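The structure under discussion appears below in the form of structure tokens.
The values are calculated or read from the model by the stated rules, or taken from the named source; none is laboratory data. Predicted, not measured: the structure shown is a model, and the values here were computed from it. Methodologically, a virtual Cβ is constructed for each residue, glycine included, from the backbone with ideal geometry; neighbour enumeration extends over all protein chains shown.
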Amino acid sequence: MREKWDEGEVSRERIREVLDSATRPDLRAEHLDDDLTHGAEMRSDHTWDAQGTVSRAITAAGHGGEPQFPHQQPNVSRETSQDEWPSPWDDDLPLAREAQRAVKVLNPGGDVSMPRPTRRRVLGIANQKGGVGKTTSAVNLAVALALHGNRVMVIDLDPQGNASTGLGVEHGSGTPSIYEALIEGVPIAEVTQQVEGIPNLVCAPATIDLAGAEVELVSVVARENRLQRAIAAYPHPIDYIFIDCPPSLGLLTVNAMVAAEEVLIPIQCEYYALEGLGQLLRNIELVKVHLNPRLNVSTILLTMYDKRTKLADQVEQEVRGHFGDTVLKAVVPRSVRVSEAPGYGQSVMTYDPGSRGATSYFEAAEEIAMRGARMGAA
Ligand SMILES: Nc1ncnc2c1ncn2[C@@H]1O[C@H](COP(=O)(O)OP(=O)(O)OP(=O)(O)O)[C@@H](O)[C@H]1O
Ligand SMILES: [Mg+2]
């Protein structure tokens, strides 16, 4: 049953208005430069109260250690526990369910595979609002797909270098990075690094140099197409490329949108998250009209869903009502484990594979893979 809006009908109408205005047909080319300039300034703080679920029957990596699989859990005396306690591996217990989830997520035997797409898919993960889960989604979707048989690249296109941190790849000053690929034309294959522990995953890191790229790109030839060219020249077979965009609509994000065929928009389940959406969709439309006709918003992922708030539910209903099947069924809950993982240079998939956060990213990746398998060849 739908709950009444906390803020009353006015807020609800306002959200509709924002979403409707985003898809207005009267987009004009001359807005592009303005939007890019102003968009580059748009940032917002992202603070939130960490009160997510802390479920941890299988603590996969320990803090920074090797993942443990359920059959390796050593400290349960089967005899004692069978006599006196219910077995923790009993299917009905939360611990056992978490163990099962962990096995599915980590896929230690390689038994579970997500279908590979019929052709390479390049997804720009964009939202000029800060802290909505772009990087977290890029990292976890990439790891999920790579753990299940897909060859994946993450391009860190944000000078903050958060995706590089989250994947545990070197990105200190002087490291060959996406900056060299964009500005100096260094082949992207020369800057990518193998992600440790995930054989099918490579990352093109971002260093602090990228902070200057926004300005430097202005004066280079074909400034909007640099990333597209770099990707096109990548010689190795790859199924997915996720481009983690910065929280702005400047030239770096435009490069991602020209290089990508698809945009994945993470939307945080809170009211203000929708405010910037209109501007984002207008910019995507402008890039589509002027620079990349193949571009489309293929995927929307609801993130940081807090089931205790009515607003989260209402935002979900509205977004689903407006965008229909573009919105993935899987919703990522707000979870402390998700936010802890980058501190250990890991995705939540490896940090706590039995957690709800890991499962939700697994399910989101599975949906993305199923769509990819259905896509026709270009
Ligand atoms: N599902 C979640 N539950 C709890 N915390 C989360 C979740 N997803 C992301 N976070 C945390 O929220 C913060 C912002 O997430 P993230 O860095 O992925 O957003 P972003 O959109 O990439 O931010 P930016 O715009 O700065 O690049 C991070 O501290 C991250 O760990
Ligand atoms: Mg980010």
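Before moving on, here are some points about what is shown:
- When restricted to residues that are away from ligand 1 (no atom under 12 Å from the Cβ) and under 18 Å from Leu264 (Cβ atoms), the range 337-353 contains 1.
- Entry remark, the range 146-191: residues being within 18 Å of the chain's Cα centre (by Cα) and of a type in the set (Asp, Glu) number 2 in total.
- In the range 251-267, the residue that is farthest from ligand 1 (Cβ to nearest atom) out of those that are farther than 14 Å from Gln279 by Cβ and of a type in the set (A, V, I, L, M) is Val258.
- Screening Thr118 on (1) β-branched (Val, Ile, Thr); (2) more than 11 Å from Asp244 (Cα to Cα); (3) at pLDDT 95 or above shows it passes everything except condition (3).
- Here Arg334 qualifies as within 12 Å of ligand 1 (Cβ to nearest atom) and either without any contact (Cβ under 8 Å) to a residue 60 or more places away in the chain or surrounded by 24 or more Cβ atoms within 10 Å (Cβ to Cβ) (or both).
- Scanning the range 145-165 for residues that are under 22 Å from Glu363 (Cβ atoms) and among the polar types (S, T, N, Q) yields a total of 1.
- Every residue from the range 272-308 that is of a type in the set (Ser, Thr, Tyr), crowded, with 20+ Cβ neighbours inside 10 Å and assigned to a helix (DSSP H, G or I): none
- Residue that is surrounded by the fewest Cβ atoms within 10 Å (Cβ to Cβ) [pool: residues in the range 93-132 that are β-branched (Val, Ile, Thr) and within 16 Å of ligand 2 (Cβ to nearest atom)]: Val132
- Helices (runs of 4 or more DSSP H) fully within the range 142-254 that include at least 3 residues being within 16 Å of ligand 2 (Cβ to nearest atom): 162-166, 210-216.
- The criterion of at least 3 residues that are of a type in the set (Asp, Glu) is met by the following helices (runs of 4 or more DSSP H) wholly inside the range 309-378: 310-323, 356-374.
- Among residues of the range 132-184 being without any contact (Cβ under 8 Å) to a residue 40 or more places away in the chain and among the charged types (D, E, K, R), the one that is farthest from Asn107 (Cα to Cα) is Glu184.
- Looking at Val112, Val195, Val105, Val139, just one residue is within 16 Å of ligand 1 (Cβ to nearest atom), over 15 Å from the mean Cα position of the chain (by Cα) and of a type in the set (A, V, I, L, M, F, W, C), and that residue is Val105.
- You will find that of Gly166, Gly149, the residue that is modelled with pLDDT of 95 or more and at positive phi is Gly149 and no other.
- You will find that of Ser177, Ser173, Ser219, the residue that is of a type outside the set (D, E, K, R), surrounded by 24 or more Cβ atoms within 10 Å (Cβ to Cβ) and farther than 22 Å from Val348 by Cα is Ser177 and no other.
- Subset of the range 219-250 that is of a type in the set (A, V, I, L, M, F, W, C), over 26 Å from Leu201 (Cα atoms) and out of contact with any His (no Cβ under 9 Å at 6 or more places or on another chain) - its residue that is farthest from ligand 1 (Cβ to nearest atom): Val221
- The residues listed here are Tyr305, Tyr271, Tyr234; of these, the one that is among the aromatic types (Phe, Trp, Tyr), under 30 Å from Gly149 (Cα atoms) and touching a residue at least 60 places away in the same chain (Cβ under 8 Å) is Tyr234.
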